[in-house]
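The values are calculated or read from the model by the stated rules, or taken from the named source; none is laboratory data. All values reported here derive from a predicted model rather than from experimental measurement. Every residue, glycine as well, gets a Cβ built from its backbone with ideal geometry; the counts of neighbours run over all protein chains shown.
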Amino acid sequence: MPKLYAMPTVLPADVPSGLTPPLAERTLSLVDEAATSAFGTALAQAVLALGPRPVQVQLSGDLGAGKTTLSRAILRGLGHTGRVRSPTYTLVEPYDVAGTTGTQKVYHFDLYRFADPEEWTDAGFRDCFAEPALCLVEWPEKAQALLGTPDLHIALSVDVVHETYDDGVEHAPRAARLSARTQTGLQLLQSLQHLFPC
């Protein structure tokens with residue numbers, strides 16, 4: 001069983017200017033890839049529990065923070081069994097994931113290569129966000145405000161303390177700060193709180 005440490009949901013004290021204030025926040029410590037996978041699976045189950053509707057989850061963090069790893073874990077948690085490609089060059093990878101409750105449409109975006117936020121408009125991706133689909137967006141800051149308000153924003157960071165376990169591999173734990181910015185995001189955060197009680 002992977003180690004997953006959760007801190008209680010807290011209401012934020014301050015919000016950077018220009019951002020929609022979060023309704024609630026929660027911080028998780030993902031000590032290894034297994035914990036990241038378990039968290040991705042839990043988030044996938046929370047999305048499925050919402051039923052068909054547009055859901056936008058933004059993933060921020062430096063290179064190597066685990067955005068694509070988490071996206072893969074979410075897709076696997078939804079039931080995707082095929083290859084999960086990084087959309088770094090294609091910008092978006094669409095998936096139709098068949099599950100026990102029907103088919104879940106997922107758009108996995110990677111905006112790292114955007115040089116100008118207007119590229120978002122030019123690419124014509126806006127329609128994807130109106131569909132009853134899960135939109136996972138890596139590097140959302142590259143499109144700035146053009147994406148609109150995410151339901152859930154996940155900021156990933158790598159802990160500066162690395163550990164070497166018995167397997168001889170150096171592990172870099174991650175921190176995931178979850179910010180619910182809409183009522184849908186708040187529902188996701190509340191579902192996750194039940195899956196990972198403090």
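Annotations for the structure displayed:
- Screening region 129-142 for residues that are under 17 Å from Gly51 (Cα atoms) and not aliphatic (A, V, I, L, M) and picking the one that is modelled with the highest pLDDT gives Cys135.
- Residues of region 99-122 that turn out to be of a type outside the set (D, E, K, R) and touching a strand residue (DSSP E or B) at 6+ places or on another chain (Cβ under 8 Å), as a count: 8
- Condition met for Tyr107 (aromatic (Phe, Trp, Tyr), assigned to a loop (DSSP other than H, G, I, E, B) and within 18 Å of the chain's Cα centre (by Cα)): no
- Members of region 25-61 found to be hydrophobic (A, V, I, L, M, F, W, C) and either part of a loop (DSSP other than H, G, I, E, B) or free of Cβ contacts under 8 Å to residues at least 24 places away in the same chain (or both), listed by number: Val31
- For region 112-155, the tally of residues that are within 18 Å of the chain's Cα centre (by Cα), assigned to a loop (DSSP other than H, G, I, E, B) and of a type in the set (Gly, Ala, Ser) stands at 2.
- Some residue of region 97-104 being assigned to a helix (DSSP H, G or I), at negative phi, touching a Gly at 6+ places or on another chain (Cβ under 6 Å) and of a type outside the set (D, E, K, R): no
- Given (1) farther than 25 Å from Ser191 by Cβ; (2) in contact with a Ser or Thr (Cβ under 7 Å, 6 or more places away or on another chain); (3) of a type in the set (Gly, Ala, Ser); (4) surrounded by fewer than 14 Cβ atoms within 10 Å (Cβ to Cβ), index of the condition Gly82 fails: (2)
- Residue match in region 62-76 (condition: surrounded by 16 or more Cβ atoms within 10 Å (Cβ to Cβ), part of a strand (DSSP E or B), touching a residue at least 60 places away in the same chain (Cβ under 8 Å) and of a type in the set (A, V, I, L, M)): no
- Flag if Val160 is in a loop (DSSP other than H, G, I, E, B) and either at pLDDT below 80 or within 18 Å of the chain's Cα centre (by Cα) (or both): yes
- Lone unmet requirement of (1) in contact with a Phe, Trp or Tyr (Cβ under 8 Å, 6 or more places away or on another chain); (2) crowded, with 19+ Cβ neighbours inside 10 Å for Val97: (1)
- When restricted to residues that are β-branched (Val, Ile, Thr) and either in contact with a helix residue (DSSP H, G or I) (Cβ under 7 Å, 6 or more places away or on another chain) or in contact (Cβ under 8 Å) with a residue 40 or more places away in the chain (or both), region 102-132 contains 2.
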